[in-house]
1. I need 218, 198, 244, 116 ordered by Cβ neighbour count within 10 Å, fewest first.
2. Have a look at the DSSP beta bridges in the stretch 272-332 and tell me what percent are antiparallel, nearest 5.
3. Set the Förster radius R0 to 45 Å, insert the Cβ-Cβ distance between residue 367 and residue 325 as r into 1/(1 + (r/R0)^6), and round the FRET efficiency to 0.05.
4. Points 7 angstrom from Cα along the Cβ direction at residue 117 and residue 359: gap in nanometres?
5. Can you compute log10 of I(q)/I(0) for the stretch 376-443 with the Debye formula, treating each Cα as one identical point scatterer, at q = 0.19, 0.20, 0.28 Å⁻¹?
6. What's the extension gain from residue 256 to residue 95 if we count 0.36 nm per residue and subtract their Cα-Cα distance?
7. Fewest to most neighbouring Cβ within 10 Å: what's the order for 127, 261, 304, 271?
8. Taking only the alpha-carbon atoms of the stretch 272-332, what semi-axes of the equivalent ellipsoid follow from 5 times the gyration tensor eigenvalues under a square root, in whole Å, largest first?
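Bear in mind that the values in this text are calculations on the coordinates, not laboratory data. This one's a predicted model, so the numbers in the text were calculated from it and none came from an experiment. FYI the Cβ positions are ideal-geometry reconstructions off the backbone, even for glycines, and counts take in every protein chain you see.
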């Protein structure tokens with residue numbers, strides 16, 4: 001009985017996951033796929049318009065504009081056509097899909113390169129840079145996005161929202177536009193990174209289409225030559241593996257970099273704990289095949305002992321850093337003299353803070369002098385009369401020495417009746433003011 005219950009449960013689950021119930025007629029599906037493969041007339045003009053919109057979005061760093069371009073892009077058609085034609089051994093459809101795929105890629109790159117060549121905005125924003133670092137996660141997104149797209153396309157009731165979501169998630173258009181930017185600006189790293197990202201998306205969307213076509217048993221075209229059928233399968237597998245393997249290496253590097261950045265952040269957070277010293281910026285610099293951590297500090301400078309402790313603590317964090325260079329105070333190494341915009345901004349900020357510090361020190365001196373000459377004597381008189389009632393008046397003045405290396409001298413002139421203990425009064429005033437004071441007596 002238990003075995004039958006388990007079997008019924010499994011059959012119920014299989015029925016729930018079955019695609020057969022909502023599947024459209026296979027011939028209707030294949031006809032729709034074949035229609036979307038072609039890039040002529042309307043499809044080609046829509047593609048060019050989408051490329052221009054995506055290029056503008058990338059150029060001005062607008063995510064909303066890029067999403068709009070992805071929604072109207074018809075690039076999915078030939079990619080799905082390649083996967084389905086491989087699954088059904090439909091060589092005419094495969095040739096047509098490949099030919100139109102190359103046409104779409106060419107016009108996309110040409111249009112975007114032309115746009116970026118004439119655009120006055122030449123700097124690469126975050127949206128462009130984000131399309132140059134593919135990884136294993138892009139493989140996962142492309143495969144499951146393609147899976148959702150082809151499943152929605154096989155339904156009798158076309159899931160338009162799913163297909164639109166797939167267009168956004170798999171992001172075919174932005175990488176091609178980034179390739180165009182790399183060509184227009186002659187930056188090979190943009191061309192290589194973005195084209196690899198596009199290849200990942202195209203290959204794994206096509207792979208998902210291949211698997212769903214096999215799963216739904218799309219009608220296959222009979223091929224008399226069994227060797228040709230085997231070669232097609234082997235070639236498809238080789239392309240998938242060749243596209244997948246580099247993403248593993250890039251993902252490993254990405255994870256290692258994230259781990260190192262977290263360790264570095266932890267090192268700076270735990271070891272740079274000084275109340276009067278603040279971290280402005282830090283970066284890793286390669287010099288003579290060595291990695292140097294350059295730390296820019298502001299505030300009270302670290303002593304040589306603190307700097308040595310910081311360098312010793314670095315070994316506990318397992319970071320690939322050979323040495324630390326601490327930039328503080330008036331330090332001005334070559335790296336700051338040939339400064340980047342961030343370092344130049346630090347120099348300006350440091351100079352402004354120095355000016356503000358000097359101004360604040362001067363204001364404090366003026367305030368102290370004012371207090372000494374005006375408000376402070378009144379307060380002191382009230383307090384000192386509690387201990388020495390014969391004192392009738394008090395005045396405090398600051399004598400500035402001609403030798404600037406000597407400290408200024410404060411003189412307290414006291415008006416009193418009868419004799420007073422000058423030494424006791426001098427000690428009391430010095431303790432009260434926190435500065436050395438000379439007593440001047442004015443008796444009635």
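1. Exposure proxy ranking, most exposed first: 244, 218, 116, 198.
2. Numbers: 10 of 15 bridges.
Bridges in the stretch 272-332 are about 65 percent antiparallel.
3. It comes out at approximately 0.70.
4. 5.2
5. -0.70, -0.77, -1.38
6. On the way: separation 161, 0.36 × 161 = 57.96 nm, distance 4.16 nm.
Roughly 53.8 nm would be gained on extension.
7. Working: 127 20, 261 12, 304 8, 271 17.
Ranked by crowding around the Cβ, least crowded first: 304, 261, 271, 127.
8. Values: eigenvalues 78, 39, 19 Å².
Calculated on Cα positions only, the semi-axes equal 20, 14, 10 Å.
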